[in-house]
Amino acid sequence: MKLLSKKAMCNSHGQDSSYFLGWEEYEKNPYDEIRNPKGIIQMGLAENQLSFDLLESWLTQNPDAAAFKRNGDSIFRELALFQDYHGLPAFKDALVQFMSEIRGNKVSFDSNKLVLTAGATSANETLMFCLADPGHAFLLPTPYYPGFDRDLKWRTGAEIVPIQCNSSNGFRITESALEEAYKEAERRNLRVKGVLVTNPSNPLGTTLTKKELQLLLTFVSTKQIHLISDEIYSGTVFNSPKFVSVMEVLIENNYMYTDVWDRVHIVYSLSKDLGLPGFRVGAIYSNDDRVVSAATKMSSFGLISSQTQYLLSALLSDKKFTKNYVSENQKRLKKRHEMLVGGLKQIGIRCLESNAGLFCWVDIRHLLSSNTFDGEMEPWKKIVFEVGLNISPGSSCHCTEPGWFRACFANMSEDTLNIAIQRLKAFVDSRVNNKDDIQNQQRSNKKKSFSKWVFRLSFNERQRER
């Protein structure tokens, strides 16, 4: 007799992905410069730890917020009691203002159209529940965040159909790729309900161009489907071109007077821009009142604590702090990004040119023994188990080309990143030397074969002369 549900027993969670397997190995043997200097360095975690000092400084200067006080009086009891799942109005107002600030105040957001969720994971899944039924599909450009296989599919029953992008144009979205993905869904008898993009991209670290955003809006308009823009990395853009939100393009092209206006939804979070994944703060923004209503009801399964909302409403309302934080954090990200890209370049590894995010899209195709995904897994296993670095292979991100890897740079100290680069250098050197040895052996074997052939030819000629 089966005692567990089909959902509990199914294997659609995606936990067997190499993305999660690398995490498991890291957790068995985590690097620590004092206690475990030979352990695995975590480069598979897109966490922003570069600006904690700024947050800690604000907390020191604003002790009432952290102590749950208002004008010196404790409001602990008020916050400890049950709160309505619509969220604290002060926090929602502060959050939409922060979202506008990150977008250069080119667009504004209405807090009544905002739904609070326990992180972006919950926000994306909630949108799936609102927009799709089991067996319906969303189109996602590749490569994409490996966790989407879990977040979008596991409990909802929705399907993902990849929009195949490649390195020939920097993995940009094209009209032909969109159309081909749509046709593939039709071949699989899947009803397409929408397109989901991450902007800036995880794992590419690139921002979508206005041209791509306009292409996406035209596509969803023609097909009468939804567009979800996951913009959780919007505040991490450290280089030009600047970040352009889908909301900005909607307004510029007067989509607010069309039905497309209600079919575009934004996901946001404070996990990346403020480096607070443990606070579990996510949000859905939608112009469709029905989506807002349904998502708000569903949010009762994953609420943000009142204490967290109170603390962050005070922090985000401090405009002097937020302006300085965003600017300084972007400078630090740029410096750290340049450190990794420059260090890899010195050892013969290039990265996709990027301007955002907490990671680089690293190209080691030249180090593969074969241009296959088995050929990609072989060096990945060595990098994790022997070199001691957990990086995410491109195949876990559904990349169409073997040999690309995502490497994170903002979740460690500069010293640790330098050690990671040195470990990669040793790996590359051994790889190149091994290739040279193989090539030398092959050349030697060819010379021996040629010598034997010449000898046999000469011997046969002498025999005929006799």
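Show me the ranking of peptides 391-399, 342-350 by mean Cβ neighbours inside 10 Å, starting with the highest.
Those peptides, ordered most packed to least, come out 391-399, 342-350.
Under 22 Å from the Cα of LYS7, which lysines turn up, not counting those fewer than eight places away in the same chain?
Straight-distance partners of LYS7: LYS153.
Quick one: give the max-minus-min coordinate of the C-alpha atoms of segment 53-95 along each principal axis, largest first, in Å.
Projected onto its principal axes, the Cα set of segment 53-95 covers 32, 24, 15 Å.
Please state the relative contact order of segment 119-182 as a whole percent: Cα pairs under 8 Å, 6+ residues apart?
Details: 76 pairs, mean separation 20.9, N = 64.
Result for segment 119-182 is 33 percent.
List the pairs from LYS242/LYS319; LYS335/LYS381; LYS183/LYS211; LYS106/LYS334; LYS193/LYS242; LYS193/LYS272 whose alpha-carbon separation is above 26 Å, in the order I gave them.
Those over the limit are LYS335/LYS381; LYS193/LYS242; LYS193/LYS272.
In whole angstrom, and with the biggest value first, how far do the Cα coordinates of segment 356-416 range along each principal axis?
That works out to 34, 28, 18 Å along the principal axes.
Rg to Rh for segment 98-244: what is it, with Cα atoms only and Rh by Kirkwood? Write out the running numbers ahead of the final one.
On the way: Rg = 15.2 Å, Rh = 16.0 Å.
Ratio value, two decimals: 0.95.
Roughly how large, in nm² to one decimal, is the mean projection of the convex hull of the alpha-carbon atoms in segment 11-120? Numbers along the way, then the final one.
Values: hull surface 49.0 nm².
The number I arrive at for segment 11-120 is 12.2 nm².
What's the Kirkwood radius of segment 268-334 in Å, using all Cα pairs?
Across segment 268-334, the inverse of the average 1/r is 13.8 Å.
With a probe of 1.4 Å, find how much accessible area the chain has per residue, and write the answer as a whole number in Å².
Per residue, the chain has 49 Å² of solvent-accessible surface.
Within segment 32-133, which trypsin sites (Lys or Arg not before Pro) sit in a loop by DSSP and count at most 15 neighbouring Cβ atoms inside 10 Å?
Those that pass, being in a loop and sparsely packed, are ARG35, LYS38, LYS106.
Roughly to the nearest percent, how much of the accessible area of segment 171-330 is carbon and sulfur, given a 1.4 Å probe? Intermediate results must be reported in sequence, preceding the final value.
On the way: 3150 of 6260 Å².
Looking at segment 171-330 in its full context, I get 50 percent from C and S.
In straight Cα distance, which aspartates and glutamates are under 13 Å from LYS320, not counting same-chain residues fewer than 8 positions off?
Once the sequence-local aspartates and glutamates are set aside, what remains near LYS320 is GLU101, GLU328.
Give the Rg (one decimal place) followed by the Dmax (whole number) of segment 266-391, computed from C-alpha coordinates and expressed in Å.
Values for segment 266-391 (Cα only, Rg and Dmax): 20.6, 55 Å.
Given only helices, namely DSSP H runs of n ≥ 4 each adding -39500 (n - 2.57), what is the per-residue ellipticity at 222 nm of the chain, to the nearest 500 deg cm²/dmol?
Here the helix-only value at 222 nm equals -14500 deg cm²/dmol.
Share of Cα-Cα pairs in the chain beyond 38 Å, in percent?
Value for the chain: 31 percent of Cα pairs lie more than 38 Å apart.
Percent antiparallel among DSSP beta bridges with both residues in the chain, to the nearest 5?
Given both bridge residues lie in the chain, the antiparallel proportion sits at roughly 50 percent.
Once you have the alpha carbon radius of gyration of segment 321-372, what is it after dividing by 2.2 N^0.38 Å, with N set to its residue count?
On the way: Rg = 14.6 Å, N = 52, 2.2 N^0.38 = 9.9 Å.
Dividing the Cα radius of gyration by 2.2 N^0.38 Å gives 1.48.
Which whole-percent values make up P(r) of segment 223-315 when all C-alpha to C-alpha distances are grouped in 10 Å steps starting at zero?
14, 38, 35, 13, 0
Among the aspartates and glutamates, which have Cα under 14 Å from the Cα of LYS382 when same-chain residues fewer than 8 positions away are ignored?
Once the sequence-local aspartates and glutamates are set aside, what remains near LYS382 is GLU25, ASP374, ASP429.
The values are calculated or read from the model by the stated rules, or taken from the named source; none is laboratory data. Treat the numbers as computed from the prediction; the structure is a model and nothing was measured. Positions of Cβ are generated from backbone atoms using ideal geometry, with glycine treated the same way; all protein chains shown enter the neighbour counts. Surface accessibility is based on the protein's heavy atoms, side chains included, excluding ligands, DNA and RNA. Shrake-Rupley method; radii C 1.70, N 1.55, O 1.52, S 1.80 Å.
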